[in-house]
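What follows draws every value from the coordinates through simple rules; no lab data is involved. Since the model is a prediction, treat every value here as computed from it, not as a measurement. Quick reminder, even Gly has a Cβ in these numbers, built from the backbone with ideal geometry, and neighbours come from all protein chains shown.
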């Protein structure tokens, strides 16, 4: 059941974050979701309300940090190529 619902939702969110056209909209929307009182599971329910926020934060941080690392590697590779080429 977890893979049936969770994995497609996770993949969809990752694809949106990876798309440069929608990246900032998804990041801002995720942050607004975290601070808004409207949730899938309200924060009034002690554990369940925090789980959905935790999932969103963990996916957002993981994907943004992974994109940053890939960007740094790409910059390093291009700067190395430029330094080697006379």
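Footprinting exposure proxy ranking of 63, 70, fewest other C-beta atoms within 10 angstrom first, gives 70, 63.
Here the stretch 28-69 is described by how far its Cα atoms reach on the three principal axes: 36, 19, 11 Å, from widest to narrowest.
Cβ crowding within 10 Å ranks 26, 64, 47, 69 as 47, 69, 64, 26, fewest other Cβ atoms first. Cβ-Cβ distance of residue 12 and residue 70, R₀ of 22 Å, FRET efficiency by 1/(1 + (r/R0)^6): the value works out to about 0.65. Between residue 42 and residue 61, the contour length at 0.36 nm per residue exceeds the Cα-Cα span by 4.7 nm. In plain terms, the chain from residue 50 to residue 78 could stretch by 5.9 nm, reckoned as 0.36 nm per residue minus the Cα-Cα distance. For the stretch 2-84, the alpha-carbon coordinates run over 58, 28, 22 Å along the three principal axes, in decreasing order.
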